[in-house]
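Please read the structure below before turning to the comments.
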Amino acid sequence: MKPKLIIVDDEALICEIYSEYFSQNGFDVFTANSVIEAIKIIKAKNPDIILSDVVMPVQDGFNLFEKVQLYNPSTPFVFMTGYEQDKRILKRLAKIGKKCITKPIRLDKLLELIKSEIKE
């Protein structure tokens, strides 16, 4: 059975590119462009890992992480951002003990990270 990955990013093109890449590399991929949409998919599909952008309108990746922690804290969660120098983001990541991969992302490196997170 293929591992299930949900990609959450408000940029539809990112979701499309990443979805195609991960589908070609053995994943069952679901995408969402908002936290609300992501929560619906997560509850329905119970993914093996979540890849989420940090900065999104209305609710951000941290809001999604907090919601996932309430009902399935063991789900691996990987953050991505284009704002790697934002001290507020770095502080929040440190507080929850999570790393963040920086955009633009090399997909081969992201694939390695996603696979390693699933195995842990």
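Can you give me the number of residues within segment 91-120 that are assigned to a helix (DSSP H, G or I) and at pLDDT below 85? Before you say what the answer is, go through the steps one by one.
Taking segment 91-120 as the starting set, the residues that turn out to be assigned to a helix (DSSP H, G or I) are 91-96, 107-119.
Remaining after also requiring at pLDDT below 85: 119.
Qualifying residue count for the region: 1.
If you go through segment 4-26, how many residues are in contact (Cβ under 8 Å) with a residue 60 or more places away in the chain, farther than 17 Å from residue 81 by Cα and not hydroxyl-bearing (Ser, Thr, Tyr)?
The qualifying residues number 3.
Please pick out the residue among 36, 42, 49 that is buried (at least 21 other Cβ atoms within 10 Å of the Cβ) and not aromatic (Phe, Trp, Tyr). Steps first, answer last, please.
Details: 36 fails: buried (at least 21 other Cβ atoms within 10 Å of the Cβ); 49 fails: buried (at least 21 other Cβ atoms within 10 Å of the Cβ).
From the options 36, 42, 49, the qualifying one is 42.
Return only the number of the condition from (1) assigned to a loop (DSSP other than H, G, I, E, B); (2) more than 19 Å from residue 15 (Cα to Cα) that residue 55 does not satisfy.
Condition not satisfied by residue 55: (2).
If you check residue 23 against the conditions, is it modelled with pLDDT of 95 or more, closer than 23 Å to residue 112 by Cα and surrounded by fewer than 17 Cβ atoms within 10 Å (Cβ to Cβ)? Explain how you work it out, then say what you get.
On the way: modelled with pLDDT of 95 or more: yes; closer than 23 Å to residue 112 by Cα: yes; surrounded by fewer than 17 Cβ atoms within 10 Å (Cβ to Cβ): yes.
Spelling it out, residue 23 is indeed modelled with pLDDT of 95 or more, closer than 23 Å to residue 112 by Cα and surrounded by fewer than 17 Cβ atoms within 10 Å (Cβ to Cβ).
Looking at segment 41-60, which of its residues are out of contact with any Gly (no Cβ under 8 Å at 6 or more places or on another chain), at pLDDT below 95 and of a type in the set (Val, Ile, Thr)?
Hit for segment 41-60 is 58, nothing else.
Quick one: in segment 71-120, which of the residues that are surrounded by 13 or more Cβ atoms within 10 Å (Cβ to Cβ) and of a type in the set (Lys, Arg) is nearest to residue 41 (Cα to Cα)?
115
Please verify whether residue 68 is surrounded by 17 or more Cβ atoms within 10 Å (Cβ to Cβ) and either over 11 Å from the mean Cα position of the chain (by Cα) or part of a strand (DSSP E or B) (or both), treating the condition exactly as stated. First the steps, then the outcome.
On the way: surrounded by 17 or more Cβ atoms within 10 Å (Cβ to Cβ): yes; either over 11 Å from the mean Cα position of the chain (by Cα) or part of a strand (DSSP E or B) (or both): yes.
Answer is yes for this residue.
The values are calculated or read from the model by the stated rules, or taken from the named source; none is laboratory data. Please read all numbers here as calculations on a predicted model, not as lab measurements. Here Cβ is always computed from backbone atoms with ideal geometry, including for glycine, and neighbour counts include all displayed protein chains.
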